[in-house]
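This is the structure I want to talk about, given as structure tokens.
The values are calculated or read from the model by the stated rules, or taken from the named source; none is laboratory data. If you're wondering where the values come from, they're calculated on a predicted model, not measured in any experiment. Cβ placement follows ideal geometry from the backbone for every residue including glycine, while neighbour counts extend to all protein chains displayed.
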């Protein structure tokens, strides 16, 4: 799914939603959790800022991060490159599953060293715990809009740090300083 800003329109933020737990929905038919297309969780969260943010919405892939491979990462990078080219200097937020968020972050850092990119996600689906995903996305938006610093950052569980400085603590269910 792609909702691009038209040429000449103001763009304040590029949001790239790649799926992950953030977007999982419960399927009562078989009891499974599946990643759903459409950026519904992020759109619901950011709707409260709709009067203040003109968002270029992208969803180049929609998968659990354990299913994202190098081809998918190349697709994500290409989508971000094209969006940054359309809207130079506009910050980027990438919503991603937490298991391989660092791999995609490294691919973005390698290809877009001068861009301002924040990756975020959630340990629990927005559908079952809207607080964590809302907090993480709000943290990412606040940081990327307040900071002029280029680079790739990770925003999770109350922390925003350059890529590589946070690690997933599976036992505690949070990201911590490395």
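Out of the residues in segment 113-123 that are in a loop (DSSP other than H, G, I, E, B) and touching a residue at least 40 places away in the same chain (Cβ under 8 Å), which is nearest to residue 62 (Cα to Cα)?
My answer is 121.
Tell me whether segment 127-140 contains one or more residues that are within 14 Å of the chain's Cα centre (by Cα), buried (at least 22 other Cβ atoms within 10 Å of the Cβ) and over 17 Å from residue 39 (Cβ atoms).
No, that holds for no residue.
For the structure I just gave you, tell me whether residue 12 is surrounded by fewer than 20 Cβ atoms within 10 Å (Cβ to Cβ), out of contact with any helix residue (DSSP H, G or I) (no Cβ under 9 Å at 6 or more places or on another chain) and either modelled with pLDDT of 90 or more or closer than 17 Å to residue 118 by Cα (or both).
no
Mind telling me which of the residues 160, 141, 152 ends up being part of a strand (DSSP E or B), in contact with a helix residue (DSSP H, G or I) (Cβ under 8 Å, 6 or more places away or on another chain) and within 18 Å of residue 89 (Cα to Cα)?
152
In this structure, is residue 94 farther than 15 Å from residue 60 by Cβ and either touching a residue at least 40 places away in the same chain (Cβ under 8 Å) or touching a helix residue (DSSP H, G or I) at 6+ places or on another chain (Cβ under 7 Å) (or both)?
No, not satisfied.
Among the strands (runs of 3 or more DSSP E) contained in segment 31-112, which hold 3 or more residues that are surrounded by 15 or more Cβ atoms within 10 Å (Cβ to Cβ)?
So the answer is 55-58, 92-95.
For segment 167-178, which residues satisfy the criterion of being surrounded by fewer than 12 Cβ atoms within 10 Å (Cβ to Cβ) and in a loop (DSSP other than H, G, I, E, B)?
Those that are surrounded by fewer than 12 Cβ atoms within 10 Å (Cβ to Cβ) and in a loop (DSSP other than H, G, I, E, B): 170, 171, 172, 178.
With the requirement that a residue be touching a residue at least 60 places away in the same chain (Cβ under 8 Å) and over 16 Å from residue 45 (Cβ atoms), what does segment 124-170 give you?
163, 164, 168
Among the residues of segment 151-166, are any surrounded by fewer than 14 Cβ atoms within 10 Å (Cβ to Cβ) and either out of contact with any strand residue (DSSP E or B) (no Cβ under 9 Å at 6 or more places or on another chain) or at pLDDT below 95 (or both)?
No, segment 151-166 has no match at all.
Could I ask something else about it? Can you say whether residue 119 is surrounded by fewer than 24 Cβ atoms within 10 Å (Cβ to Cβ), in contact with a strand residue (DSSP E or B) (Cβ under 9 Å, 6 or more places away or on another chain) and closer than 16 Å to residue 15 by Cα, as far as the supplied structure shows?
Answer is no for this residue.
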